[in-house]
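Following: one structure in structure tokens, then a few remarks.
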Amino acid sequence: MKTLTIIKPDDWHLHLREGLVLKNIIHFTSEFFGRAIVMPNTKTPIKSVERAISYKKSIVEALPESSKFEPLMTMYLTDDTDKEELINGFNNNIFFAAKLYPANGTTNSSHGVKKIENLYKIFELMQDSGMPLLIHGEVTDSDVDVFDREEVFIDRELFPIVKRFPKLKIVLEHITTAYAVDFVQENNIGATITPHHLHINRNAMFFGGLNSDFYCLPVAKREKNRIALRKAATSGKECFFLGTDSAPHLRKWKAFCGCAGIFNSPVAIASYLKAFEEENALENFEKFASLNGPNFYNVPINKEKLKLVSRSNKILEFIDVVEEKNIVGQIKPFHAGETLQWQVEGIVN
Ligand code: NCD
Ligand code: ZN
């Protein structure tokens, strides 16, 4: 049986939600990842130190006993983000980074930024203090085609930011285009790549009727982009690292409104491994999953190791959301019903 032992990975882009969903899904991440950057787009976004502390507390309380998992909190930027709050939160190790959502770009982003230039003073402070800026890179203008939104964002917004703040630590999150792959490499910034964007192209949303199971933002693009993302992720290059963008939505909500987000944390490692194996690049998986992120963010690599085995594993159709032993909801995981060839065997000290 083929096995692989790697340094324990981190998830550099994760949605954990709150309440019951948080309690039911956190273990999928905390079991096999050392840390995760937790996105601040909760129903009431995380805009203050106080909210970040209480959200972090609820995450830690939801962890399985004796878990060493570390949630890294982020501040949700708005047009009127308070400078003091941001920098104090960063200097006191409450905020690990700040997240920029263009207004109405994605789930729970109605509080997002309407005019990015308004944040330039904040970016200057972040550049000076070394606080990372995480970007959802899509414009939201209704006259820009949904499949072009990442490229237009790069030209219109990101390029000027990179030029004006050359030392600002920027991560373009969940990249979906060959254009972004090139931009990231040419401009000395970082990028997360999700498992789903390595496996699906935009066709996935239109097979067997409109299928919101494969709808996420940024939306999957043409096949040539998927191929470019695979090349980038499996290249081992330091600027590309693991960020699942696992974004659970209850089945009833997906069915009702087709909301954007793919829940992949139960299968994330196996899903990435499938892509790396198909690209004959298993030797680069540890760089992507466990080394490039910590190097970019200047944090130590994890001490523990993860043993992975090539053994087939049928993925459940649904993950139950349970409250006092009653099933109160379900969430469909990525690769539902498929058989994946890799599994995590466990932690090795
Ligand atoms: C995310 C969510 O559901 O919070 N959805 C998604 O499609 N990725 C938000 C986001 O990262 O855009
Ligand atoms: Zn996300």
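The values are calculated or read from the model by the stated rules, or taken from the named source; none is laboratory data. The structure presented is a predicted model; accordingly, all values stated were derived computationally and were not measured. Reconstructed Cβ throughout: ideal geometry from the backbone, glycine too, with neighbour counts over all protein chains shown. Accessible surface is based on the protein model in full, side chains and every heavy atom, while ligands, DNA and RNA are left aside. Shrake-Rupley method; radii C 1.70, N 1.55, O 1.52, S 1.80 Å.
Brief remarks on what is shown
- Residue match in the stretch 114-127 (condition: in contact with a helix residue (DSSP H, G or I) (Cβ under 8 Å, 6 or more places away or on another chain), within 13 Å of ligand 1 (Cβ to nearest atom) and closer than 27 Å to Lys221 by Cβ): no
- Boolean, Phe147 is crowded, with 19+ Cβ neighbours inside 10 Å, of a type in the set (A, V, I, L, M, F, W, C), away from ligand 2 (no atom under 16 Å from the Cβ) and in a helix (DSSP H, G or I): no
- Verdict on Lys252 being in contact (Cβ under 8 Å) with a residue 40 or more places away in the chain and within 25 Å of Thr3 (Cα to Cα): no
- Of residues in the stretch 71-103 being in a helix (DSSP H, G or I) and in contact (Cβ under 8 Å) with a residue 24 or more places away in the chain, the one surrounded by the most Cβ atoms within 10 Å (Cβ to Cβ): Gly89
- Per the conditions (1) more than 16 Å from ligand 2 (Cβ to nearest atom); (2) within 25 Å of Leu291 (Cα to Cα); (3) not aromatic (Phe, Trp, Tyr), the sole criterion not satisfied by Glu61 is (2).
- Residue count, the stretch 56-70 (criterion: closer than 15 Å to Lys8 by Cβ and either assigned to a helix (DSSP H, G or I) or open to solvent by 70 Å² or more (accessible area, probe 1.4 Å) (or both)): 2
- Picking from residues in the stretch 114-132 that are out of contact with any Phe, Trp or Tyr (no Cβ under 7 Å at 6 or more places or on another chain) and of a type in the set (A, V, I, L, M), the one that is farthest from Ala260 (Cα to Cα) is Leu125.
- Residues being farther than 29 Å from Gly19 by Cα and either open to solvent by less than 60 Å² (accessible area, probe 1.4 Å) or among the polar types (S, T, N, Q) (or both) - total across the stretch 307-347: 9
- Positions within the stretch 240-265 being over 18 Å from the mean Cα position of the chain (by Cα), open to solvent by less than 40 Å² (accessible area, probe 1.4 Å) and of a type in the set (A, V, I, L, M, F, W, C), in sequence order: Leu250
- In the stretch 155-164, the qualifying residues are those that are open to solvent by 10 Å² or more (accessible area, probe 1.4 Å) and in contact (Cβ under 8 Å) with a residue 40 or more places away in the chain, and the one that is nearest to ligand 1 (Cβ to nearest atom) is Glu157.
- Selection within the stretch 186-218 - within 15 Å of Ala255 (Cα to Cα), aliphatic (A, V, I, L, M) and in a loop (DSSP other than H, G, I, E, B): Leu210
- Within the stretch 326-349, residues that are under 22 Å from Leu273 (Cβ atoms) have Cβ atoms under 6 Å from residues that are part of a loop (DSSP other than H, G, I, E, B) and open to solvent by 70 Å² or more (accessible area, probe 1.4 Å) in these pairs: Ala336/Glu317; Gly337/Glu317, counting only partners at least 6 apart in sequence or on another chain.
Residue-by-condition table, conditions (1) of a type in the set (D, E, K, R); (2) part of a helix (DSSP H, G or I); (3) within 16 Å of ligand 2 (Cβ to nearest atom); (4) over 16 Å from the mean Cα position of the chain (by Cα):
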{"residue": "Ala233", "(1), (2), (3), (4)": "no, yes, no, no"}
{"residue": "Glu238", "(1), (2), (3), (4)": "yes, no, no, yes"}
{"residue": "Leu273", "(1), (2), (3), (4)": "no, yes, no, yes"}
{"residue": "Gly293", "(1), (2), (3), (4)": "no, yes, yes, no"}
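- Of all residues in the stretch 15-31, those satisfying the criterion of being touching a helix residue (DSSP H, G or I) at 6+ places or on another chain (Cβ under 6 Å) and either in a loop (DSSP other than H, G, I, E, B) or open to solvent by less than 40 Å² (accessible area, probe 1.4 Å) (or both) are Leu16, Leu22, Ile26.
- Residue identified as within 17 Å of the chain's Cα centre (by Cα), surrounded by 16 or more Cβ atoms within 10 Å (Cβ to Cβ) and not β-branched (Val, Ile, Thr) among Ala281, Ala268, Ala228: Ala268
- Taking the stretch 35-55 as the range and being more than 12 Å from ligand 1 (Cβ to nearest atom), part of a loop (DSSP other than H, G, I, E, B) and open to solvent by 10 Å² or more (accessible area, probe 1.4 Å) as the test, the residues that pass are Thr44, Lys47, Ser48.
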